[in-house]
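Let me begin by presenting the structure, written as structure tokens, before commenting on it.
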Amino acid sequence: MSQESLTVTDNRTGKTYELPITDGTIRTMDLRQIKVDDQDFGVMGYDTAFKNTAATRSKITFIDGAKGILRHRGYPVEQLAANASFLEVAYLVLFGELPNAEQYAQWEHDIVHHTLVHENLRTFLDGFRYDAHPMGILISSIAALSTFYPEAKNVFDPESVELQTRRLVAKMPTMAAFAYRHSMGFPYVYPDNDLSYVGNFLNMMFKMTELKYKPNPIVERALEILWILHIDHEQNCSTTTMRGIGSSQADPYVAVAGAAAALSGPLHGGANERVLRMLAHIGSVENIPAYLKRVEAGEERLMGFGHRVYKNYDPRARIIKDFAHQLFEVTGRTPMLNIALELEERALNEDYFAKRKLYPNVDFYSGIIYQALGIPTNMFTVMFAIPRTVGWLAQWRELLGDPEQKIARPRQIYDGIMLRDFVPMTERS
Ligand code: SDX
């Protein structure tokens, strides 16, 4: 009997089964042999929200939730945030290695030359109400983009996959900025290819009547660090959605649109916007104790706290918090930062949070920095979607290259009415 195995006894039949353990997991399909008789379907695993289910192998991102570790292709996120540009990390996450100078120059050229979107997309955007939420506009625009590139449906054509990858990485900032400009009633600003990937986004967001937009280098680097910290995070809700849609061999545009839709939820990427609204609602440091009481009573959630995987401080939150202090030396502290710092301090000393291992996550401080950078609150989740598109694409490419993967189709436990005959309308009570 192999040591790397479980021996399971089915007490209904007295039979025992040996289930191999590989990389700390058993194959749930190995449970299906456990039956009471030949008619029996066999035992399944039951795991709502996949809390304890590995759905794939991956080489992209490693997280150790207990130790607060996050690495992309083996590189600690702290080192990437401190030393790399966003496009360098995007290249690493997508292709597995940091680019050399020649590869980086080609990659940057490829991205810069795909930043424009088809002019029809502008008229598409004009169909939205003036006050439409930018995230709703972005999700729709990404899906609409699939109609401009029908060849993207050839998901096993390597050339098409590379071209769509470049297009999506390049066009997300443009579509995001257009969504913002539309919601503000401002004219659209076209890409300026003299600027960096991040600088060009700031240009498309904030350029008004000046001839040439010059991004503030501190703001540009702050945003770049935030985007590096948001680039991928293994099998989170939106990535699982990306893989689910990708598993049906749908094109990457509709898959990214679906992933962005999942990200928009307040428990996921929508949390950063909710954090700012929560801090504004609390209003002052004096109101924090009363708010925490409502959280502990289950009446409120402390947005930006807690994580399915991190049962320690989210390493991204730590980096962002440290960076917030540096940035606010320059831009000046905001009342929101004071409330956030005091709220974190008090919460971490409350038994309710310690018992549940609830610590600040990436969203707790990111919104405060976005606000200091002049990004409007309703754009915060859009700011999350732009860098995360790289992660979604990397995970999608990995899925398509995995010979084990099939269309995602979980099972269920049926506990509805098993059988009954149709009743004519006239005989129904
Ligand atoms: C992201 O998965 C990822 O990697 C996501 C992400 C990424 O990069 O992709 O890291 C980005 O989504 C970060 C999370 C942003 N969301 C929020 O900040 C929203 C607030 N957080 C929670 O809603 C919650 O913590 C989740 C959704 C993040 C995690 O939820 P879980 O793992 O399902 O935990 P749970 O809801 O089962 O909570 C366990 C307990 C419960 O209490 P009891 O029922 O045991 O009494 O902790 C409580 C919860 O009520 N709890 C909270 C809380 N989070 C959990 N109580 C108050 N405030 C909170 N924020």
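Bear in mind these aren't lab numbers, they're just calculated from the coordinates by the rules spelled out. Just so it is clear, the model here is predicted, and its values are computed rather than measured. Virtual Cβ from ideal backbone geometry, glycine too; neighbours counted across all protein chains shown.
With only Lys, Arg, Asp and Glu charged, each at its Cβ (+1 for the first two, -1 for the last two), find how big the charge dipole of segment 113-208 is about the Cα centre; round to the nearest 20 debye. Before the final figure, lay out the partial values.
On the way: 8 positive and 9 negative charges, 52 e Å.
So the dipole magnitude of segment 113-208 works out to roughly 240 debye.
Using a Cα-Cα cut-off of under 21 Å, which lysines could be cross-linked to Lys207, ignoring same-chain neighbours fewer than 8 residues away?
Straight-line reach from Lys207, under 21 Å: Lys171.
Rank Val161, Val43, Val362 by mean-square fluctuation in a GNM of the chain with C-alpha springs under 10 angstrom and give only the top-ranked residue.
Residue with maximal mean-square fluctuation among Val161, Val43, Val362: Val43.
Within 10 Å of each candidate Cβ there may be at most 15 other Cβ atoms; applying that plus a DSSP loop requirement, which GluC sites (Glu not before Pro) in segment 82-119 survive?
Working: sites: Glu88, Glu97, Glu102, Glu108, Glu119; in loops: Glu97.
Answer in residue order: Glu97.
Run the reach check for Lys15 against aspartates and glutamates, Cα to Cα strictly under 16 Å, same-chain hits fewer than 8 apart removed. What comes back?
Within the straight-line limit of under 16 Å, Lys15 reaches these aspartates and glutamates: Asp30, Asp37, Asp38, Asp40.
Where the centroid of each part is defined by its Cα atoms, how far is segment 178-248 from segment 56-117 in Å?
Distance between centres, Cα-based: 16 Å.
Which value, in debye to the nearest 20, gives the size of the charge dipole of the chain about its Cα centre, when Lys and Arg are +1 and Asp and Glu are -1 at the Cβ?
Values: 45 positive and 51 negative charges, 135 e Å.
Rounded to the nearest 20 debye, it is 640 debye.
Within segment 98-122, find all residues whose amide N lies under 11 Å from a label point positioned 7 Å from the Cα of Asn193 along Cα-to-beta-carbon.
Those under the cut-off are 109-116.
Give the residue from Met425, Ala82, Ala408 lying farthest towards the positive end of the charge dipole for the chain; charges sit on Cβ (+1 for Lys and Arg, -1 for Asp and Glu) and the dipole is referred to the Cα centre.
The residue sitting most towards the positive pole is Met425.
Which of the lysines could a cross-linker bridge to Lys357, judged by Cα under 26 Å and excluding same-chain residues fewer than eight apart?
Counting by Cα, and skipping residues close in sequence, Lys357 has these lysines nearby: Lys51, Lys67, Lys293, Lys311, Lys321.
Which of rounded, prolate or oblate describes segment 24-130 when judged by the alpha-carbon gyration tensor and an a/c cut-off of 1.5? Present the calculation step by step, with values, prior to reporting the outcome.
Numbers: a/c = 2.89, a/b = 1.63, b/c = 1.77.
Note, shape of segment 24-130 comes out oblate.
Quick check: from the Cα gyration tensor, does segment 318-429 come out rounded (a/c under 1.5), prolate or oblate?
Prolate, since a/c reaches 1.5 and a/b exceeds b/c.
Could you bin all the Cα-Cα distances of segment 80-199 into 5 Å bins starting at 0 and give me the percent of pairs in each, rounded to whole numbers?
For segment 80-199, the pair-distance distribution reads 2, 10, 19, 20, 18, 15, 10, 5, 1, 0.
Would you be so kind as to identify which of Ala372, His307, Thr331 lies farthest towards the positive end of the dipole of segment 248-401, taking Lys and Arg as +1 and Asp and Glu as -1 on Cβ and the Cα centre as origin?
Of the options given, the answer is His307.
On full extension of the chain, what length is gained from Thr48 through Thr123, given 0.36 nm per residue of separation minus the C-alpha to C-alpha distance?
That pair, Thr48 and Thr123, stretches by 22.8 nm at full extension.
Is the C-alpha gyration tensor of the chain telling us rounded, prolate or oblate? Criteria: a/c under 1.5 is rounded; beyond that, a/b larger than b/c is prolate, otherwise oblate.
Values: a/c = 1.59, a/b = 1.35, b/c = 1.17.
Judged from the Cα gyration tensor, the chain comes out prolate (a/c at least 1.5, a/b above b/c).
Largest first and to the nearest Å, give the Cα extent of segment 1-46 along each principal axis.
32, 21, 15
Let me spell out the model: positive unit charges on the Cβ of Lys and Arg, negative unit charges on the Cβ of Asp and Glu, origin at the Cα centre of segment 1-46. What dipole size does that give, in debye rounded to 20? Could the numbers behind the result be given before it?
On the way: 5 positive and 8 negative charges, 18 e Å.
Computed charge dipole of segment 1-46: roughly 80 debye.
Within segment 167-192, list the residues whose amide N lies under 18 Å from a label point set 7 Å along Cα→Cβ of His109.
Under cut-off, by backbone N: 167, 170.
Mind checking which of Ala170, Phe186, Ala271 is farthest towards the positive end of segment 147-272's charge dipole, using Cβ charges of +1 (Lys, Arg) and -1 (Asp, Glu) about the Cα centre?
Of the candidates, Phe186 comes out farthest on the positive side.
I want to verify a result. In a Gaussian network model of the chain, Cα cutoff 10 Å, which of these has the top mean-square fluctuation: Ala262, Ala347, Ala290?
Ala290
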